[in-house]
Amino acid sequence: MTNTDTTAFEHVDDVAEPAAPPAPRRHRLKDPCGLVFVALSLLFGCAFSLITPPLWGFDETTHFSRAYAVDHGRFLPQVVPGNPGIYGGPIPETVAELSFFAADGFNNVPEFPEHAVTRPEGYAERLAQPLNAPLVDVGFVNTSSYSPVAYVPSALALRAVEIVDGSVGLALTLMRLADVLTFTGIVWLALRALRGLRFRWVVFVVALMPMTMFVAAMITADALTNALALLFGALFVKAVFLANRLSRWETALLLAAAVLLPLAKPTYVLMVLLLPFVPGPRMAVRRWAGIAATAVGITGFGIWTALSAKTSEGMKVMRPNEVVDPGLQIQYLLTHLSDVPGLLARTFVSQEQPIVAGFFGVFGSSFVLAPGTAGLATLAAGSLAFGITDRMRGTRAQWIIAAVIVLVGAAALFGTLYLEFSPVGRYQIEGMQGRYFLPLVVVAVAVLARVIPLRLDVPSARLLRGTEVAIVVLVFYALLSSAFKYEFVL
């Protein structure tokens, strides 16, 4: 499409579907959504951080190791000396000893009603050890391929503890809390950008799902990734489907998220392809700036992928008795195309239930499920948020493109795991977890809201406020019941 055609398209879109009028100033100043989010996010983020035993988060030892490498300037993946093909690096021996102790704990959880943590005094002793200790080489193949971007909050917290010569326990606590603060701050910016728009309650619910909050409270690359995805999705929806012009700071945040998201987690690089479809008049900069930001994000993704490509060879360490090779897996698929439908069917039959459960809440390496009522409360809150959300205004082309990118992004998750984690010729796709879909939810809901015009009939501001209160209560219950069950089991 030429520049002339693009301008014409944007002009017609803006005339046919005028932007929603800004909310009254009194409403904007008194909008409680952001403040309630901050309170709940900090409360339950800290709760999950303190409840979870040390290094019991998802792959938390390897995420700590990668953050430690970033803190000490080892940005590129490195081979462990004397171990060809195994990527990793040195960490304090005090942390390594704690990791072995923690792994023995969550791999040998006793049957309920016995508590999952059987030797709390062992953790206390090891957490009191100094962080500044002799180093020992360890492998962290699965996180060595991640760029330094996702570990900036954790690395900064780690550096602060090193400066004051703190303990291992202080380091782990501050690194978790740094992720909580970073997640809370970035999502608050997304909600602030949506002030006066009822779609903010959709973002509110997604950001405060038990699974989202648990991930935000751990040492992991996913904390920053989810926050950036929520920010990008919220601003994209505001500009495209809600037909609101972004302010200068909102535009800057959208462009920054497009650059950083592919580096934080390359798996979600496809999301930034949505940015060029934001009409130029909806941003506070010229259209070429959005295209440039997309190009920078994709280029950064390409460069980092090239730099970290060899780490895939180390996946054999995680599956020592299996053959894991992306090249051989592709060859297998090309020679067994007729088996692809069966592969997908078997994956659905065997993995659908744990994937759905993991979307709403599975906590830690002990895999404690969120309460069933917490899942129902989350669904109810999401339904109410969907029911009161704004009418979506995007063109048919825009929502089709967004839908395709979301679907392809979800398919890419399965494809990546089959190529890089599942053994060659495996009858199903392995390693999929429901939390991997969280970054796609905001845009997916906006697409559904564009296709499904059904909305709740809320005739007065008082009833609307009551619906919003109900959303907060349901979300609070989901988080409280999840934290209670998790603490009770541990």
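The values are calculated or read from the model by the stated rules, or taken from the named source; none is laboratory data. The model shown is predicted, which means the values in this text are computed figures rather than measured ones. Counting neighbours? That spans all protein chains shown, and the Cβs are built from the backbone with ideal geometry, glycine included.
Go over the candidates Thr267, Thr347, Thr251 one by one and state the one that is in contact (Cβ under 8 Å) with a residue 12 or more places away in the chain, among the hydroxyl-bearing types (Ser, Thr, Tyr), surrounded by 15 or more Cβ atoms within 10 Å (Cβ to Cβ) and over 24 Å from Tyr436 (Cβ atoms). So the residue among Thr267, Thr347, Thr251 that is in contact (Cβ under 8 Å) with a residue 12 or more places away in the chain, among the hydroxyl-bearing types (Ser, Thr, Tyr), surrounded by 15 or more Cβ atoms within 10 Å (Cβ to Cβ) and over 24 Å from Tyr436 (Cβ atoms) is Thr251. Evaluate the following for Ser154: is it touching a residue at least 40 places away in the same chain (Cβ under 8 Å), crowded, with 21+ Cβ neighbours inside 10 Å and farther than 22 Å from Leu170 by Cα? Considered against the rule, which asks whether it is touching a residue at least 40 places away in the same chain (Cβ under 8 Å), crowded, with 21+ Cβ neighbours inside 10 Å and farther than 22 Å from Leu170 by Cα, Ser154 comes out as no. Just wondering, is there one or more residues in the stretch 48-63 that are under 24 Å from the mean Cα position of the chain (by Cα), surrounded by fewer than 16 Cβ atoms within 10 Å (Cβ to Cβ) and not β-branched (Val, Ile, Thr)? Yes; the residues of the stretch 48-63 include at least one that is under 24 Å from the mean Cα position of the chain (by Cα), surrounded by fewer than 16 Cβ atoms within 10 Å (Cβ to Cβ) and not β-branched (Val, Ile, Thr). The set of residues in the stretch 202-257 that are in a loop (DSSP other than H, G, I, E, B) and among the hydroxyl-bearing types (Ser, Thr, Tyr) comprises Thr220, Ser247. Among the criteria (1) part of a loop (DSSP other than H, G, I, E, B); (2) within 30 Å of Thr52 (Cβ to Cβ); (3) charged (D, E, K, R), the one Arg435 does not fulfil is (1). Annotation note: Cβ proximity below 6 Å between a residue of the stretch 73-100 that is charged (D, E, K, R) and a residue that is assigned to a strand (DSSP E or B) and surrounded by 14 or more Cβ atoms within 10 Å (Cβ to Cβ) (sequence gap 6+ or interchain) occurs for Arg74/Gly89. Would you confirm whether or not the stretch 331-341 contains a residue that is under 28 Å from Phe58 (Cβ atoms), assigned to a helix (DSSP H, G or I) and β-branched (Val, Ile, Thr)? No.
Look at the stretch 226-240: where a residue is touching a residue at least 40 places away in the same chain (Cβ under 8 Å) and a partner is part of a helix (DSSP H, G or I) and basic (Lys, Arg), sitting 6+ places away or on another chain with Cβ atoms under 7 Å, you get Ala239/Arg282. Test Leu379 against the criterion of being assigned to a helix (DSSP H, G or I), under 20 Å from the mean Cα position of the chain (by Cα), surrounded by 16 or more Cβ atoms within 10 Å (Cβ to Cβ) and at pLDDT 90 or above, and give yes or no. No. Report yes if Val296 is closer than 29 Å to Ala258 by Cα and modelled with pLDDT of 95 or more, otherwise no. It is true that Val296 is closer than 29 Å to Ala258 by Cα and modelled with pLDDT of 95 or more. Taking first residues from the stretch 35-50 that are free of Cβ contacts under 8 Å to residues at least 12 places away in the same chain and assigned to a helix (DSSP H, G or I) and partners that are small (Gly, Ala, Ser) and buried (at least 19 other Cβ atoms within 10 Å of the Cβ), no Cβ contact under 6 Å between residues at least 6 apart in sequence or on separate chains turns up. Being among the small types (Gly, Ala, Ser) and in contact with a Phe, Trp or Tyr (Cβ under 6 Å, 6 or more places away or on another chain) is the requirement here; does Ala223 meet it? Here the answer is yes, as Ala223 does meet what is asked.
Per-residue answers, yes or no, for (1) among the hydroxyl-bearing types (Ser, Thr, Tyr); (2) within 16 Å of Gly382 (Cβ to Cβ); (3) out of contact with any strand residue (DSSP E or B) (no Cβ under 9 Å at 6 or more places or on another chain):
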residue: Gln428; (1), (2), (3): no, no, yes
residue: Leu438; (1), (2), (3): no, yes, yes
residue: Val441; (1), (2), (3): no, yes, yes
residue: Ser460; (1), (2), (3): yes, no, yes
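With respect to Val340, determine if the residue is more than 30 Å from Val489 (Cα to Cα), surrounded by fewer than 12 Cβ atoms within 10 Å (Cβ to Cβ) and β-branched (Val, Ile, Thr). Criteria met by Val340. Does the stretch 392-414 contain any residue that is under 26 Å from the mean Cα position of the chain (by Cα), assigned to a loop (DSSP other than H, G, I, E, B) and closer than 20 Å to Val237 by Cβ? Yes: the stretch 392-414 contains one or more residues that are under 26 Å from the mean Cα position of the chain (by Cα), assigned to a loop (DSSP other than H, G, I, E, B) and closer than 20 Å to Val237 by Cβ.
With the requirement that a residue be over 24 Å from Phe241 (Cβ atoms) and free of Cβ contacts under 8 Å to residues at least 24 places away in the same chain, what does the stretch 431-458 give you? The answer is Gly431, and nothing else. The single condition among (1) buried (at least 21 other Cβ atoms within 10 Å of the Cβ); (2) at pLDDT below 95 that Tyr68 does not meet is (2).
Residues in the stretch 417-431 that are in a helix (DSSP H, G or I) and in contact with a Ser or Thr (Cβ under 6 Å, 6 or more places away or on another chain): Glu420 only.
A search for C-beta distances below 6 Å between a residue of the stretch 377-402 that is in contact (Cβ under 8 Å) with a residue 40 or more places away in the chain and of a type in the set (Phe, Trp, Tyr) and any residue that is surrounded by 19 or more Cβ atoms within 10 Å (Cβ to Cβ) and assigned to a helix (DSSP H, G or I), counting only pairs 6+ apart in sequence or on different chains, returns Trp399/Val447; Trp399/Arg450. Filtering the stretch 89-128 to residues that are in contact with a Gly (Cβ under 9 Å, 6 or more places away or on another chain), part of a helix (DSSP H, G or I) and farther than 17 Å from Gly364 by Cα leaves Gly122, Ala124, Arg126, Leu127. Please go through the stretch 270-302 and give me each residue that is surrounded by fewer than 18 Cβ atoms within 10 Å (Cβ to Cβ) and not in a helix (DSSP H, G or I), ordered by number. Matches in the stretch 270-302: Ala284, Val285, Arg286. With respect to the conditions (1) part of a helix (DSSP H, G or I); (2) in contact (Cβ under 8 Å) with a residue 24 or more places away in the chain; (3) in contact with a Leu (Cβ under 8 Å, 6 or more places away or on another chain), Ala160 lacks only one, and its number is (2).
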